[in-house]
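The values are calculated or read from the model by the stated rules, or taken from the named source; none is laboratory data. Everything quoted here is computed from the prediction, not taken from an experiment. Virtual Cβ from ideal backbone geometry, glycine too; neighbours counted across all protein chains shown. The accessibility values were calculated without ligands, DNA or RNA, using every heavy atom of the protein model including side chains. Shrake-Rupley method; radii C 1.70, N 1.55, O 1.52, S 1.80 Å.
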Amino acid sequence: MATPHIEATRGDFADTVLMPGDPLRARYIAETFLDDVREVNAVRNMFGYTGTYRGRPVSVMGHGMGIPSVSIYARELIADYGVTTLIRVGSCGAVRDDVALRDVVIGLGACTDSGVNRTRFAGMDFAAIADFALTRHAVDAAAALGVPVKVGNLFSADLFYDPRPDTVELLERYGIVGVEMEAAGLYGVAAEYGARAATICTVSDHIRRGESLSSADRQSTFDEMMRVSLDAVLRDDAAQRGERA
């Protein structure tokens with residue numbers, strides 16, 4: 001039962017899907033962290049894979065760039081494939097002085113200049129927030145791994161090249177921990193369709209300072225984020241079973 005954008009059949013995806021923006025990053029995650037991996041989607045080269053992490057079935061699939069793209073894939077995964085948990089794992093930019101390159105940030109909420117959630121929410125403002133339990137388990141997983149994290153509001157931008165000169169100062173003043181392009185849309189879709197969602201990002205560039213990671217640096221730093229994300233899934237499972245992780 002393919003959808004317009006996914007060729008998998010029902011049951012090909014695990015109940016939990018990790019979603020990087022880059023489909024090649026999805027392939028890397030699957031090959032590096034999962035066992036018994038099989039490819040379940042390649043439509044438009046938006047690669048999707050299912051395998052296991054420490055025996056737990058997990059899928060990983062790219063979502064592309066921007067709210068429209070992530071919204072398409074998130075909606076189809078939830079509504080057509082029965083996925084119940086989505087965790088975006090990607091990169092973000094920093095604007096605050098206390099947020100640095102390589103920092104891992106967790107999006108408790110996501111502001112946006114997109115109108116997508118007002119469209120979804122009958123013209124009213126919708127507070128785009130992450131699932132609390134997933135967020136808590138990600139924070140706990142990071143602490144156990146010795147990975148410092150910052151938790152707070154993300155800003156999901158509609159434009160990568162923003163022509164407004166004062167946007168960065170505004171975001172800094174409001175305490176935004178990371179600037180990216182998808183979380184607010186993901187949280188809206190999850191709320192509409194009764195799923196759970198969270199966002200974990202690595203700071204790949206500092207917008208105010210003009211700093212950025214090299215490709216090699218991104219590789220090793222993103223590995224920390226992935227371990228946090230996957231261990232958060234295991235902790236979440238344990239909590240649902242009433243066990244201590």
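Entry remark, region 65-76: residues being in a loop (DSSP other than H, G, I, E, B) and either of a type in the set (A, V, I, L, M, F, W, C) or open to solvent by 10 Å² or more (accessible area, probe 1.4 Å) (or both) number 1 in total.
Can you name the residue in region 224-245 that is in contact with a Leu (Cβ under 7 Å, 6 or more places away or on another chain) and assigned to a helix (DSSP H, G or I) and is also most open to solvent (accessible area, probe 1.4 Å) among such residues? The residue in question is 227. In the condition set (1) under 22 Å from residue 15 (Cα atoms); (2) more than 15 Å from the chain's Cα centre (by Cα), residue 116 is compliant with all but (1). Of everything in region 213-245, what is under 20 Å from the mean Cα position of the chain (by Cα), at pLDDT below 95 and among the small types (Gly, Ala, Ser)? Give them in sequence order. Hits for region 213-245 are 215, 220. The number of residues in region 34-66 that are over 16 Å from residue 226 (Cβ atoms) and acidic (Asp, Glu) comes to 2.
Once region 208-245 is narrowed to residues that are in contact (Cβ under 8 Å) with a residue 40 or more places away in the chain and among the acidic types (Asp, Glu), the residue that is nearest to residue 98 (Cα to Cα) is 211.
In region 132-158, of all residues being in contact (Cβ under 8 Å) with a residue 40 or more places away in the chain and out of contact with any strand residue (DSSP E or B) (no Cβ under 8 Å at 6 or more places or on another chain), the one that is nearest to residue 107 (Cα to Cα) corresponds to 137.
Region 1-57 holds strands (runs of 3 or more DSSP E) entirely within its bounds, and those carrying 1 or more residues that are surrounded by 14 or more Cβ atoms within 10 Å (Cβ to Cβ) and of a type in the set (Phe, Trp, Tyr) map to 48-53. Contact annotation: residue pairs with Cβ atoms under 7 Å, 6 or more positions apart or on different chains, pairing a residue in region 163-186 that is of a type in the set (D, E, K, R) with a partner that is open to solvent by 40 Å² or more (accessible area, probe 1.4 Å), are 172/96.
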